[in-house]
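The values are calculated or read from the model by the stated rules, or taken from the named source; none is laboratory data. The structure displayed is predicted, hence computed values, not measured ones. With ideal geometry, Cβ positions are generated from the backbone for all residues, glycine too; neighbour counts draw on all protein chains shown. Just the protein is used for accessible areas: all its heavy atoms, side chains included, with ligands, DNA and RNA removed. Shrake-Rupley method; radii C 1.70, N 1.55, O 1.52, S 1.80 Å.
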Amino acid sequence: MLGKKYPEREIITKVLRRLTSKWLSKANAIVEGVHYQSGTLTFDQLRGNLITYEMTILDQNGENKKKSLALKASSQEEESDENDNGEEDKDFALLMKQFN
C-alpha cells in the first residue's frame, strides 16, 4: 500500500463489503452490532467472528454434507445359512467399500 496506513474501521468496512452473498446475513448482523456501531470492533474480533460463523453455520447448511447410506431390509427368514454366506460376504464387502 506504499506505506499508507488505513484506519482499522476502514479495513473492517472493506472486508465486510467484499463478502459473498452467503455471508450477507452475518455481515448485516455485524454492521448492526454494538461493537461496529461504537467503533470498538477490531479486525481480530471480526476475523474470529467470521471464522466461527463459517465453522458452525455454513458447515451445517450444506458446505460439508455427507452422503447417507440406505440398506435393503428383508422380512423373510433365510432357510439355509450355508448357501447365503458367500452372498452375504459380497454384500458386506460392497457395504464396506461404499462406506469407505
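A few points about this structure:
- Test: residue 71 is of a type in the set (A, V, I, L, M), surrounded by 10 or more Cβ atoms within 10 Å (Cβ to Cβ) and either part of a helix (DSSP H, G or I) or at pLDDT below 90 (or both): no
- Screening the candidates 77, 88 for the property of being part of a loop (DSSP other than H, G, I, E, B) and modelled with pLDDT under 75 yields one hit, 77.
- In the range 30-43, the residues that are under 17 Å from residue 6 (Cβ atoms) and of a type outside the set (Ser, Thr, Tyr) form Cβ pairs under 8 Å with partners that are at pLDDT 90 or above and open to solvent by less than 80 Å² (accessible area, probe 1.4 Å), at six or more places apart or across chains, as follows: 41/12; 41/30; 41/33; 43/11; 43/12; 43/15.
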